[in-house]
Amino acid sequence: MDKRWRLLLVGTYTPDSDPPGKGEGVHRVWFDPVTGELIDGGVAARTPGPSFLALNTRHEAAEGYAVYAVNERAQGTVTAFRVSGEATLAETGSVPSGGGSPCHVLARGSELAVSNYADGVVVLHDLSPDGSLGKRTARFAHRGGGPVADRQEGPHAHSAARVGDHVLVADLGTDELRVYSREGAAGAVGMPPGTGPRHMAADPSGTHVYVSGELDSRVHVVRWDPTTGTGEHVGSVPATAEESAGTNFPAEIAVHGDRVYVSNRGADVLSTFAVRGGGARVEHLADTPVGAWPRHFTVVRGHHGDPDHIVAAAQNGDELMSLRVDPRTGIPGDTGRRLAVPDPVCVLPVPIKRVRRAEGQDV
């Protein structure tokens, strides 16, 4: 029986990144959407510290999709690749990240947003028609701090998300969601002191944004007005079944249907929340173990009756693991499938597939 496998690209820390790691660059993994099996496809690209990856399907061409990686170092860069139907990555260019220690890249349409953790600088780049890196169009510095002295001595831009016509930047150092429009800086949404906002995910309507608080170990809800580009913090709940600020550090957050998922480093679980009140609040449902220090995960949607899965990157466990999402409850369960990958820190699904026969031969 033939199987249709999905391509996952996995970013890692490398010996020449900061922090250093044991990875070799961007790793290639094949994923079976029926069983959750993970197969090592080797190194797709050798590049320093690709700690976050982004895909831009707008620039799909005969030769493949555009993929972008931050190179997390003190003097950081951003590198663009073209991924072909054979799942090979060809570098198409690299530019300075515009700040220190880039940790996140967002690709949307003809624009790329890069978040630099060390100094809080956010940089926007044009993308060429083929997806390659164009000129820098904006550089936004920031000021401020927060009450957690050793982590909030200044701004630390940790991620960006596009919600409607605006780009929101989670600033861990200043407890804000910084807001930018095409015209430039457009304000900020204040978060409770000591939140340490890390990553964000908007609901499908774009009227609520869910935020992982790395420093207070909570999941926060922001009501968002897409017309005015303004938001209001409306509440939060613990990121796991227990209050655990100081020992647990939430990382990635994602919305999937009427569920919100959060990876928790320290508790080492993936937490599932139900969306309630029209999006205005979330209710904790379950914690699923996912290995040591789950820094990032991705939801892989099933097709043609296949189940949905979550693939999580256990950074300190040096492995990926796959979870099957229960179609009734939305709670993920362990499939038992693992794959050894050194220092995995980001998992990116790419819509390239291949068919394999049961005996393992490519078709």
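Those strands (runs of 3 or more DSSP E) of the range 247-363 in which 1 or more residues are closer than 24 Å to residue 27 by Cβ and under 17 Å from the mean Cα position of the chain (by Cα) occupy 249-256, 259-265, 269-276, 294-300, 309-314, 319-325, 344-356.
Among the residues of the range 129-151, those that are surrounded by 15 or more Cβ atoms within 10 Å (Cβ to Cβ) and either of a type in the set (Asp, Glu) or outside any loop (DSSP other than H, G, I, E, B) (or both) comprise 133, 134, 136, 138, 140.
Conditions tested, residue by residue: (1) farther than 20 Å from residue 54 by Cα; (2) touching a His at 6+ places or on another chain (Cβ under 8 Å).
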site: 288; (1), (2): yes, no
site: 305; (1), (2): yes, no
site: 312; (1), (2): no, yes
site: 319; (1), (2): yes, no
site: 325; (1), (2): yes, yes
site: 329; (1), (2): yes, no
site: 334; (1), (2): yes, no
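The numbered conditions (1) surrounded by fewer than 16 Cβ atoms within 10 Å (Cβ to Cβ); (2) β-branched (Val, Ile, Thr); (3) closer than 18 Å to residue 160 by Cα are all true for residue 88 except (3).
Condition first: touching a Phe, Trp or Tyr at 6+ places or on another chain (Cβ under 9 Å) and either farther than 23 Å from residue 113 by Cα or of a type outside the set (Val, Ile, Thr) (or both). Now tell me which residues in the range 188-198 satisfy that.
Passing the criteria: 196, 198.
Would you mind stating whether residue 215 is surrounded by 18 or more Cβ atoms within 10 Å (Cβ to Cβ) and either hydroxyl-bearing (Ser, Thr, Tyr) or assigned to a strand (DSSP E or B) (or both)? Taking the combined requirement at face value, the residue does not satisfy it.
Hey, does the range 178-185 have a residue that's touching a His at 6+ places or on another chain (Cβ under 7 Å), surrounded by fewer than 21 Cβ atoms within 10 Å (Cβ to Cβ) and not in a strand (DSSP E or B)?
Looking through the range 178-185, none of the residues is touching a His at 6+ places or on another chain (Cβ under 7 Å), surrounded by fewer than 21 Cβ atoms within 10 Å (Cβ to Cβ) and not in a strand (DSSP E or B).
Evaluate the range 50-66: report whether one residue or more is in a loop (DSSP other than H, G, I, E, B) and modelled with pLDDT under 95. Among the residues of the range 50-66, at least one is in a loop (DSSP other than H, G, I, E, B) and modelled with pLDDT under 95, which makes the answer yes. Looking across the range 187-205, the residues that are part of a loop (DSSP other than H, G, I, E, B) and modelled with pLDDT of 95 or more come down to 191, 192, 193, 194, 195, 196, 203.
Yes or no, residue by residue, for (1) out of contact with any helix residue (DSSP H, G or I) (no Cβ under 7 Å at 6 or more places or on another chain); (2) modelled with pLDDT under 95; (3) under 24 Å from residue 233 (Cβ atoms):
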residue	(1), (2), (3)
86	yes, yes, no
100	yes, no, no
116	yes, no, no
151	yes, no, yes
158	yes, no, yes
171	yes, no, yes
178	yes, no, yes
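Residues checked against (1) buried (at least 18 other Cβ atoms within 10 Å of the Cβ); (2) in contact with a Pro (Cβ under 8 Å, 6 or more places away or on another chain); (3) at pLDDT below 95; (4) not polar (S, T, N, Q):
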position	(1), (2), (3), (4)
223	no, no, no, yes
231	yes, no, no, yes
238	yes, no, no, yes
250	yes, no, no, yes
255	yes, yes, no, yes
263	yes, yes, no, no
268	yes, yes, no, yes
272	yes, yes, no, no
282	yes, no, no, yes
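Regarding residue 20, is this residue in a loop (DSSP other than H, G, I, E, B) and either within 19 Å of the chain's Cα centre (by Cα) or buried (at least 19 other Cβ atoms within 10 Å of the Cβ) (or both)? Spelling it out, it is not the case that residue 20 is in a loop (DSSP other than H, G, I, E, B) and either within 19 Å of the chain's Cα centre (by Cα) or buried (at least 19 other Cβ atoms within 10 Å of the Cβ) (or both).
The values are calculated or read from the model by the stated rules, or taken from the named source; none is laboratory data. Small disclaimer: the values here were computed from a predicted structure and weren't measured. Don't worry about glycine lacking a Cβ; one is built from the backbone with ideal geometry, like all the others, and counts go over all protein chains shown.
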